[in-house]
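The block underneath contains the structure these notes are about, expressed in structure tokens.
The values are calculated or read from the model by the stated rules, or taken from the named source; none is laboratory data. These numbers were taken from a predicted model, which means no experiment stands behind them. All Cβ positions, glycine included, derive from the backbone under ideal geometry; neighbour counts span all protein chains shown.
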């Protein structure tokens, strides 16, 4: 660092101190140990929870959750880790000023399978829809899903004490595949990681994450409930779980979770991460256990909670029984990446040191001085299509079909031009579901007599999506939807197939959301 940069860093640190936010000082070894602990915590948490993932839906996991050191190898194959590293690679290759478009390009071209908001986001990117619209609900019905929340850990690990930097990067990356509460989930998690470098009280860490998202958001309301109710039931996490269940585990608009007990909503699962931290009270095993036993996405949630407490403790203080299997795989690469555990720790440390210096801190050979930041809230984004109301399978009498459609066991399909399907429904939003595929075709969409768009059933490889078309913000009442096949397709498609399985309709809320 130049003399001028050193002087500037000292001035900034003094100004921060005068403003009531004194700089944090860590040895360089302690900073690296905390980053290593964060990656290790993620790996242990996801491997610990993997056997339970979505097996308990709206239920507390009872009975033993086993662990053996050999389980840690499973972390090398988990999207909780390798998707993060797509974006680490962008920063490593392009630099700290990488744009949302560059993050989107790397995600578009990645080789792993994706689902939910990730799948819709990649599909949009392949169709030429860039961030932030690739994550926007106009094109992505999964906008509130958990995807970015489980991919934001890398941001917190490179922004120690730099809460505002964490928000900036989360805004840039999160809109590749999410919007609103789906983005705030990543901001919340990244903010907790950032705080865990300088704070040892899990409650204050959760509060720090909450301070980085708009107070009026649904996500913030859920976390405030968790904080309040955990104060009322300090020794009974199950009592808080029941209250969260009664108030918030309902009406998930995600097509997979609509009207069935399956909730991949970011804010509900974020509440479980917070509960793990609050009731774990700094104990690594207890933190993961509570986060996992809350159910639903019970590998992602202990992964995030384990990573955050891993930063707070540092790698050396994670109990040996949990990290015993790590040395044997520390130099093995995660699927679809160029990184091993050791290598991603090194790169994350390098990024963190560069960001500390960029923000006026010091990154010396033995000591690091962090200009601790207070977050500046991002703009409020909120969206919901409404309350899931009905599922109407293709054989439901609400549908009528012209000739050229072929009946299958659970769907109706065609490759012919000029085939029409008509759906009569009531509500404020509708989603048409069927498999997107490499041989998908196109159909005109006519809503209440007006052409409103094109249903495109084509999707590239490595994405699993079944939302063929959706619309929201409709006038409450009766509607008629007509799909008319055109015989056309995306130039990359291998065919003209359109398969309709079901429709989901949404109604307006009966009362204001809590």
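Results, tabulated for the structure shown:
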quantity	calculated
Hits in segment 361-371 (condition: surrounded by fewer than 20 Cβ atoms within 10 Å (Cβ to Cβ) and not in a strand (DSSP E or B))	364, 365, 366
Those residues of segment 372-400 which are in a strand (DSSP E or B) and either surrounded by fewer than 18 Cβ atoms within 10 Å (Cβ to Cβ) or under 29 Å from the mean Cα position of the chain (by Cα) (or both), in sequence order	387, 388, 389, 390, 391, 392, 393, 400
Of the criteria (1) surrounded by fewer than 20 Cβ atoms within 10 Å (Cβ to Cβ); (2) under 34 Å from the mean Cα position of the chain (by Cα); (3) under 19 Å from residue 367 (Cα atoms); (4) modelled with pLDDT under 90, which one residue 29 fails	(4)
Candidates 439, 456, 490 - the one that is modelled with pLDDT of 95 or more, surrounded by 18 or more Cβ atoms within 10 Å (Cβ to Cβ), under 33 Å from the mean Cα position of the chain (by Cα) and closer than 21 Å to residue 124 by Cβ	456
Helices (runs of 4 or more DSSP H) within segment 144-232 that include 1 or more residues modelled with pLDDT of 95 or more and surrounded by fewer than 24 Cβ atoms within 10 Å (Cβ to Cβ)	163-174, 202-210, 218-232
Residues within segment 220-273 that are touching a helix residue (DSSP H, G or I) at 6+ places or on another chain (Cβ under 6 Å) and farther than 30 Å from residue 465 by Cα, tallied	7
Any pair with Cβ under 6 angstrom, 6 or more apart, that starts in segment 291-309 at a residue that is assigned by TED's automatic domain parsing to the domain that holds residue 81 and without any contact (Cβ under 8 Å) to a residue 60 or more places away in the chain and ends at one that is surrounded by 24 or more Cβ atoms within 10 Å (Cβ to Cβ) and part of a loop (DSSP other than H, G, I, E, B)	none
Filter result for residue 247 (surrounded by fewer than 24 Cβ atoms within 10 Å (Cβ to Cβ) and closer than 21 Å to residue 382 by Cα)	yes
Within segment 78-100, tally of residues that are part of a helix (DSSP H, G or I) and surrounded by 15 or more Cβ atoms within 10 Å (Cβ to Cβ)	15
Set 12, 46, 114, 7: member being at pLDDT 95 or above and either out of contact with any strand residue (DSSP E or B) (no Cβ under 8 Å at 6 or more places or on another chain) or under 29 Å from residue 174 (Cα atoms) (or both)	46
Selection within segment 402-426 - under 22 Å from residue 116 (Cβ atoms) and either without any contact (Cβ under 8 Å) to a residue 24 or more places away in the chain or surrounded by 15 or more Cβ atoms within 10 Å (Cβ to Cβ) (or both)	411
